[in-house]
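**Q** Encoded as structure tokens, here's the structure I'll be asking about.
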Amino acid sequence: MWMKLLRNQRGDLAISILIAILAVISGLTLSLVASRDATSTLMSLDSTQELHWLRSEVSRGIRTNQEYTGSADQYILPIKKVQVNHGFATTTYAMKTQLGRYTTSSGLNLANKRIIRSKIKGFRSTPSYTSYYGTENKSPIEKYGERVLQQETFAGYMYLTNTDESVNEDPVYFYGNDELWGRVHSNTDIWLKNLSGWPVFHDHVSTAGHMQYFGGTPDEDEVYLDGYTEEAGWIEFNPTADLLRQNAMKPFGDAESDTHEIVYVEIDGTIYNVMFGDIHEKSYPPQPETLYVYNNYPPFGAVGDSLGYNVITFVDTTWVYGNSGNIPSGTSVFCYDTLWLKGSVYGAQTWGCAKDIYLVDDIIYANTDPGEAPDGDNGDPLNTVDYLGIVSEKRIFIQYGIRDMMADSLRHHYNCEDIYIYGALCALGDGEGEPHEDGQFTFEYQYTHFSTPNVLAGNEVFTYPDLHLCWYPPTVSPFWPTPVNRGLYAAFTGDQRPPDYPWYNPLWPETQPIRLRGTIHLFGGLSQVRRGHVRRSGSDVLDTADYWNMDNYVYGRYAWGRETINGALGTGATGYDKAYHYDYRFMENPPPDFPAVNIRGKAGQFQHVAMKIKRPPSGF
């Protein structure tokens, strides 16, 4: 057939038409291929360029977050437009970035978290003809990403100190009985002692100084399981809890009270009950009492000869009920007076105080059984609801005992058979050169001494025997409490130790105060300006002096009393054993308004969680 067409003129015309048709089809095909390739190239350029601009916008959001001082839950940055000429096409990329507070899955709106949301669109037009919200000449390619910024807080550390020295200004050691989970940092040297072995740190250890060792040099791989850093940044300890003062509820007054020295709070879930304590002279107008000093007095024998007299103005604490209140989750509370605290916490709360905080009894979580870990450690259930912060602008004490007017008006040693503390503790006090006044977590009534309660002899009650046998207040000679007749005390106690200083023991007078008080079960974290004692050996210089000098923190010779509530009498250590468990939930969900980490000379430190590229949401 082809031969016939070639011999036929009409065949030449048909072939020409066929060739022309094939050429047109080929041209169209090549044109379509070229167009498709150009479109694909342009889409690929859009994808690459928008990813570049997305990273740039997230960085703009980070810079804005560092400078933003407003309180709005959301803040939208001005729309940004950038024109890019690709050679064969001009594209304007329009960018929207929003800075917002981050809300956790449990509904907690935490002020120390920010989320940066950015969306990038492309338009085949110039910036003046481009609207971010328009659709004309819009590229089908969009990029959207989110990055969470978390302000690092003191709650991110298991153990954080400004100075790792005691109130005697000597090093305090970690030793073989210490095994710590959670990050550790100090702004001074950290000392390790080879006593019962070396300590073990499961998470990173950092110091602005250096690691120091006593008793040899450890195998670092066995001690620092996540390594350590020396000469790290210096973390600022601001003695004012600025976030709390700015954001917290102040239900007990907006300034230091003129009438209430103590605010006693019992937390019951999201409800708190309160009593106010007023310390005043026992009589009004003040009427000092005259107590004669004798060379003998019951219960050590009959009343002897008078040697003179003490003039004493007694003080007392009276209590009144305050109004109950509600604490919504994610809320902080600030108090200007000394705060006494106990109870069970539901939701996220932080309690702050301008003065000392005393832990009256256990502080636990409503959704975690005492002794279990709230972060789900060792198979325990994860608590996704309860988070507690306790922040003092002075010091935090474990209370020795009280006459509990909130309960039954009786004397109680709530914390002398273990104490459970759930939460992040922070003591910020600046002692202004006085180590005892620096912010620290410690325990009340560290140097125990016997004292003599009222006695019934015959049909008569004899009050305050110690004040009838010793000169008070002390003078240069004699110091308190040099007894008139120490032999009487020796016969009673079996040694020459002088009796307790009046009212130094919160439950004074006690014949057998309690020295060893169980274990501190802390589930959380601890930040303090100076490392406070939670156990004393009974052998340091303040324990062994022959006299009392309260102004200079001298407490008389040795500690004395029962070893435990049911234990024998003896001398030696006072205080607590430690069982500290870091709450890893605080790494991402610190308590509200908890003090932020600021490295000296730098702005607030934010941890940048990796950016997530997501499907662009509609309407953003």
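**Q** Only one of (1) farther than 28 Å from residue 364 by Cα; (2) open to solvent by 30 Å² or more (accessible area, probe 1.4 Å); (3) not in a strand (DSSP E or B) is not met by residue 218, so which one is it?
**A** (2)
**Q** Shifting gears a bit: Look at residue 513 and say whether it is touching a strand residue (DSSP E or B) at 6+ places or on another chain (Cβ under 8 Å) and either under 19 Å from residue 470 (Cβ atoms) or surrounded by 20 or more Cβ atoms within 10 Å (Cβ to Cβ) (or both).
**A** In short, yes.
**Q** Looking at this structure, is residue 194 of a type outside the set (A, V, I, L, M, F, W, C), under 18 Å from residue 533 (Cβ atoms) and more than 22 Å from the chain's Cα centre (by Cα)?
**A** Here the answer is no, as residue 194 does not meet what is asked.
**Q** Then there is this: Could you list all residues from the range 243-276 that are at pLDDT 90 or above, surrounded by fewer than 18 Cβ atoms within 10 Å (Cβ to Cβ) and over 30 Å from residue 599 (Cα atoms)?
**A** Across the range 243-276, the qualifying residues are 261, 268, 269, 270, 271, 273.
**Q** Go through the range 521-557 and report how many residues are under 29 Å from residue 418 (Cβ atoms), in contact with a Phe, Trp or Tyr (Cβ under 8 Å, 6 or more places away or on another chain) and in contact (Cβ under 8 Å) with a residue 60 or more places away in the chain.
**A** Result for the range 521-557: 17.
**Q** Got a number for residues in the range 391-404 being in a loop (DSSP other than H, G, I, E, B) and more than 18 Å from residue 335 (Cβ to Cβ)?
**A** Adding up the residues that qualify gives 2.
**Q** While we're here: Considering only strands (runs of 3 or more DSSP E) fully contained in the range 234-333, which possess at least 1 residues that are over 29 Å from the mean Cα position of the chain (by Cα)?
**A** 271-281, 289-294, 306-312, 315-321
**Q** Do you know which residues across the range 113-145 are within 27 Å of residue 586 (Cα to Cα) and either aromatic (Phe, Trp, Tyr) or open to solvent by 30 Å² or more (accessible area, probe 1.4 Å) (or both)?
**A** 114, 117
**Q** Spot the failing condition for residue 388; the list is (1) open to solvent by 10 Å² or more (accessible area, probe 1.4 Å); (2) part of a strand (DSSP E or B); (3) within 20 Å of residue 523 (Cα to Cα), and only one is missed.
**A** (1)
**Q** Moving on to the next point. Could you please give the count of residues in the range 408-428 that are closer than 23 Å to residue 503 by Cα, in contact with a strand residue (DSSP E or B) (Cβ under 9 Å, 6 or more places away or on another chain) and open to solvent by 10 Å² or more (accessible area, probe 1.4 Å)?
**A** Looking only at that region, the number is 7.
**Q** Something else: Residues 87, 61, 27: which one is surrounded by fewer than 10 Cβ atoms within 10 Å (Cβ to Cβ) and either at pLDDT 65 or above or out of contact with any helix residue (DSSP H, G or I) (no Cβ under 8 Å at 6 or more places or on another chain) (or both)?
**A** Unique residue meeting the criteria: 87.
**Q** Being open to solvent by 30 Å² or more (accessible area, probe 1.4 Å) and in contact with a Pro (Cβ under 8 Å, 6 or more places away or on another chain) is the filter here; which residues of the range 331-366 pass it?
**A** 362, 364
**Q** Could you tell me which residue of the range 469-500 is farthest from residue 549 (Cα to Cα), considering only residues that are open to solvent by less than 20 Å² (accessible area, probe 1.4 Å) and modelled with pLDDT of 65 or more?
**A** 469
**Q** Scan the range 221-237 residue by residue and report those that are open to solvent by 80 Å² or more (accessible area, probe 1.4 Å) and at positive phi.
**A** 231
**Q** Right, here's the next one. Residues in the range 160-199 that are on the phi < 0 side of the Ramachandran plot and open to solvent by less than 40 Å² (accessible area, probe 1.4 Å): how many?
**A** Number of matching residues: 20.
**Q** Of all residues being out of contact with any helix residue (DSSP H, G or I) (no Cβ under 9 Å at 6 or more places or on another chain) and modelled with pLDDT under 90 in the range 116-151, which is farthest from residue 619 (Cα to Cα)? Just the residue, please.
**A** 151
**Q** Can you report the number of residues in the range 429-466 which are over 25 Å from residue 399 (Cα atoms) and surrounded by 16 or more Cβ atoms within 10 Å (Cβ to Cβ)?
**A** Of the residues in that region, 2 qualify.
**Q** Which of the residues that make up the range 422-473 are among the β-branched types (Val, Ile, Thr), touching a residue at least 40 places away in the same chain (Cβ under 8 Å) and part of a loop (DSSP other than H, G, I, E, B)?
**A** 448, 452
**Q** Would you tally the residues in the range 200-210 being free of Cβ contacts under 8 Å to residues at least 60 places away in the same chain and open to solvent by 30 Å² or more (accessible area, probe 1.4 Å)?
**A** Result for the range 200-210: 4.
**Q** Still on this model: Could you count how many residues in the range 545-583 are buried (at least 19 other Cβ atoms within 10 Å of the Cβ) and either closer than 30 Å to residue 148 by Cβ or small (Gly, Ala, Ser) (or both)?
**A** Qualifying residue count, the range 545-583: 8.
**Q** Being in contact with a Pro (Cβ under 9 Å, 6 or more places away or on another chain) and surrounded by fewer than 19 Cβ atoms within 10 Å (Cβ to Cβ): is that true of residue 240 here?
**A** Answer is no for this residue.
**Q** Additional query: Could you please tell me which pairs satisfy a Cβ distance under 6 Å, a separation of 6+ or placement on different chains, a first residue in the range 368-389 that is farther than 17 Å from residue 329 by Cβ, and a second residue that is of a type in the set (Val, Ile, Thr)?
**A** Pairs that qualify, where the first residue is farther than 17 Å from residue 329 by Cβ and the partner is of a type in the set (Val, Ile, Thr), are 370/364.
**Q** I would also like to ask the following. If only one of 321, 284 is modelled with pLDDT under 90, under 28 Å from residue 264 (Cα atoms) and open to solvent by 70 Å² or more (accessible area, probe 1.4 Å), which one is it?
**A** The unique qualifying residue is 284.
The values are calculated or read from the model by the stated rules, or taken from the named source; none is laboratory data. As the structure is a computational prediction, the values presented were derived from the model and not from experiment. FYI the Cβ positions are ideal-geometry reconstructions off the backbone, even for glycines, and counts take in every protein chain you see. Quick note on the areas: whole protein, heavy atoms, side chains included, nothing else; ligands and nucleic acids left out. Shrake-Rupley method; radii C 1.70, N 1.55, O 1.52, S 1.80 Å.
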